[in-house]
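The values are calculated or read from the model by the stated rules, or taken from the named source; none is laboratory data. Here the structure is a predicted model, which means the values were calculated and not measured. Neighbour counts are summed over all protein chains in view; Cβ atoms, including those assigned to glycine, are modelled from backbone coordinates with ideal geometry.
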Amino acid sequence: MTGIIVRCPKCKNVVDKNVSMNRGDRREYQCGACLELFQFTISPLVPIGEEREEASTGAKRDSWYPPGVKFPARYDLMFRNAEGMRRLAETWGEGFVKYGPDNWMKGFPSSVLISHALEHIRLYLKGDRSEDHLAHGAWNLLALCWVEENKPELLDLTMPDSGLDKGPEPSHK
């Protein structure tokens, strides 16, 4: 169990101390007046006892995310990666030329989008540079984000609570 310190962005009071990092954690915020603001503003979150991965370049990341916190949408940060956004826009343009405007919005089953994303990643890792496999993989994942929110009837993948994550069944011979 790992604890964190969460400060309310409005009043700077400590909102939670030593919060359990279990997936099912349903903490209540003591600073109720500031809860709504907290959901849309990143407050200083200080992991205690967590090690962060740091690349040789100095870039940092970790696998810890505070449960129940909704991070703000930061479109301004997204466009700092002009190269990635350009390559993604070129992929969208390729689809526009081949299939017409908004063809993708008719929707694809989630299994198709994941399959295509993974195939593009596999080809990239294999060294295939015949097309922009990274941008095509990213496009499929973004299309899946759209399907999740706009066409849930196309979500045909097995959900985690199906028991498939428990491993293979023992054979009875």
TODO: Please name all residue pairs, on different chains or six or more residues apart, with Cβ atoms under 8 Å, provided the first residue is in region 45-60 and is under 21 Å from Phe71 (Cα atoms) and the second residue is of a type in the set (Asp, Glu) and at pLDDT 80 or above.
DONE: Lys60/Glu54
- [ ] Pairs only if they're at least six apart or on different chains, beta carbon under 6 angstrom, first in region 114-141 and under 18 Å from Met85 (Cβ atoms), second of a type in the set (Ser, Thr, Tyr); list them, first residue then second.
- [x] His133/Tyr124; Leu134/Tyr124; Ala135/Thr91; His136/Thr91; Trp139/Thr91
- [ ] Scan region 54-66 and give yes if some residue there is modelled with pLDDT under 95, at positive phi and in a loop (DSSP other than H, G, I, E, B), otherwise no.
- [x] yes
- [ ] Return yes or no: is Lys70 over 22 Å from the mean Cα position of the chain (by Cα), closer than 30 Å to Lys151 by Cβ and either at pLDDT 95 or above or part of a loop (DSSP other than H, G, I, E, B) (or both)?
- [x] no
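Those residues that are among the charged types (D, E, K, R) and in a helix (DSSP H, G or I), I need them from region 81-102; list them, please. Steps first, answer last, please.
Pass one, region 81-102, residues among the charged types (D, E, K, R): 83, 86-87, 90, 94, 98, 102.
Listed by number, the residues that qualify are Glu83, Arg86, Arg87, Glu90, Glu94, Lys98.
Name the single residue that is nearest to Pro152 (Cα to Cα) among those in region 103-113 being in contact (Cβ under 8 Å) with a residue 24 or more places away in the chain and assigned to a helix (DSSP H, G or I).
Taking region 103-113 as the starting set, the residues that turn out to be in contact (Cβ under 8 Å) with a residue 24 or more places away in the chain are 104-105, 107-111, 113.
Restricting the remaining residues to those that are assigned to a helix (DSSP H, G or I) gives 104-105, 110-111, 113.
Working: Trp104: 15, Met105: 13, Ser110: 9, Ser111: 12, Leu113: 13 Å.
That would be Ser110.
Would you pick out the residues in region 118-145 that are assigned to a helix (DSSP H, G or I) and surrounded by fewer than 14 Cβ atoms within 10 Å (Cβ to Cβ)?
First, the residues of region 118-145 that are assigned to a helix (DSSP H, G or I): 118-126, 133-145.
Listed by number, the residues that qualify are Leu118, Arg122, Leu125, Lys126, Cys145.
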